[in-house]
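Colleague: Following this message is one structure expressed as structure tokens.
The values are calculated or read from the model by the stated rules, or taken from the named source; none is laboratory data. Treat the numbers as computed from the prediction; the structure is a model and nothing was measured. For neighbour counting, all protein chains shown are included, and Cβ atoms are generated from backbone atoms with ideal geometry for every residue, glycine included. Just so you know, the surface numbers come from the protein's heavy atoms only, side chains and all, with ligands and any DNA or RNA stripped out. Shrake-Rupley method; radii C 1.70, N 1.55, O 1.52, S 1.80 Å.
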Number of protein chains: 2
Amino acid sequence: MIRDTRLSGVLHVLLHMAEHEGPVTSEVLARAMQTNAVVIRRTMAGLKKRGYVRSEKGHGGGWSLACDLNTVTLGDVYEALGRPPLFAIGNRSEAPQCLVEQAVNAALDQAFHQAQELLLASFQGVTLAALSADFHRRLERHPSKQTGTDHA
Amino acid sequence: MIRDTRLSGVLHVLLHMAEHEGPVTSEVLARAMQTNAVVIRRTMAGLKKRGYVRSEKGHGGGWSLACDLNTVTLGDVYEALGRPPLFAIGNRSEAPQCLVEQAVNAALDQAFHQAQELLLASFQGVTLAALSADFHRRLERHPSKQTGTDHA
DNA sequence: TATCATGTAACATCATGTGATACATGATTC
DNA sequence: GAATCATGTATCACATGATGTTACATGATA
């Protein structure tokens, strides 16, 4: 079971962009994220469509923020990624004839539905600005650690 | 991202066993679950270790329930499966140097932690007996649908 | 016009869950 | 006690997706 790390990754990218003046190329972001430039472009496509970021071609081009960090939440970013599945556990079949399976599905569905509501509400409750503020708090306490592209 | 359906599947098996008098072989269960007998044995191993089911070899052998449905919950079964990962979304790195990533991780971790608590609490709140009762309610309303091994 | 960067399509690669096979162990039946 | 049946695993084969890579078209800048 491989976990989808795009949400984590794209938030990382956005916060870095917030610290950086001017556009950043996919190539640079890819190096920072230890991945490929094409993967960055793929991931950012959804954000661009929603107007959270802007991209420019040619010399001096790259990605830059196009939104107010105070108004965009983790939930917005999650949706921009196309609402990828949250849970790693699911039902064997969706609309089973078997009444046993229906009972099992109903119980699991209810539990997961509640958890999903809570998760999405949590996401909506955190703005990018709040994330950035948290980052700056950490920065004050550990000034040695850098903002840049040196990752573990 | 493939979902883990073992919890759904094993609950299905347990409820069927509750309806069935006497042991059921892995072969029969596999046919009902549209899978392989070895997969059934693999999955049941954890339940057996916890004493929720019993297995007997030889003629007339197979699997049978060894617990009170009123005391075993979905949470117990989930743990018997080895607490498989609940979420399909995760952090890019676990203990990053980067303070940006730390801030991102912290926000996501908190959200997922809350959701996990809720999920596990939901699981603990549902006994196998409750599931079975729900099944029987459905059975009364749709007597045509069978208990057996005819699955969609 | 050369270079740079995005935007995508198409393909390669790799991880991993699941199915399949093989065989050892133990229990039952005749 | 020999044959059969069933579990218990180890091991391998296979399918499925996610991710990485290559290639090339498009557009912008110098």
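Colleague: Taking a probe of 1.4 Å and counting only protein heavy atoms, give the total accessible area buried between chains B and A in Å², rounded to the nearest 100.
Modeller: 5300 Å²
Colleague: Quick one: net charge of A:Leu131's neighbours, Cβ under 14 Å, K/R +1, D/E -1?
Modeller: -4
Colleague: How well do other chains shield peptide B:106-119, expressed as the mean number of their Cβ atoms within 10 Å of each residue Cβ?
Modeller: The shielding value for this peptide is 6.
Colleague: Taking every eigenvalue of the Cα gyration tensor of the protein assembly as shown, multiplying by 5 and rooting it, what semi-axes result, largest first, whole Å?
Modeller: Equivalent-ellipsoid dimensions as semi-axes: 47, 18, 18 Å.
Colleague: Largest first and in whole Å, what are the equivalent-ellipsoid semi-axes of chain B based on the Cα gyration tensor, each being the root of 5 times an eigenvalue? Please report the intermediate quantities before stating the final value.
Modeller: Numbers: eigenvalues 247, 66, 43 Å².
Largest first, chain B gives 35, 18, 15 Å.
Colleague: Additional query: Mean separation of Cα pairs under 8 Å and 6+ residues apart, divided by the residue count of segment A:6-141: what relative contact order is that in percent?
Modeller: 25 percent
Colleague: At 0.36 nm per residue, and after removing the present C-alpha to C-alpha distance, how many nm does the segment from A:Gln124 to A:Asp68 gain when stretched out fully?
Modeller: Net length gain for the segment: 18.7 nm.
Colleague: What is the angle, in °, between the Cα long axis of helix A:6-19 and the longest principal axis of the Cα atoms in chain A? Nearest 10 is fine, range 0 to 90.
Modeller: Roughly 20 degrees, rounded to the nearest 10.
Colleague: So with the 1.4 Å probe, I'd like the accessible area per residue for the protein assembly as shown, rounded to whole Å².
Modeller: Here the per-residue accessible area is 50 Å².
Colleague: Straight distance only, please: which aspartates and glutamates reach the Cα of A:Lys48 with their own Cα at less than 13 Å, same-chain residues fewer than 8 apart left out?
Modeller: Within the straight-line limit of under 13 Å, A:Lys48 reaches these aspartates and glutamates: A:Glu56, A:Asp76, A:Glu79.
Colleague: Follow-up. Going by Cα centres, segment B:28-103 and segment A:1-71 are how many Å apart?
Modeller: Taking the Cα centre of segment A:1-71 as reference, the centre of segment B:28-103 is 39 Å away.
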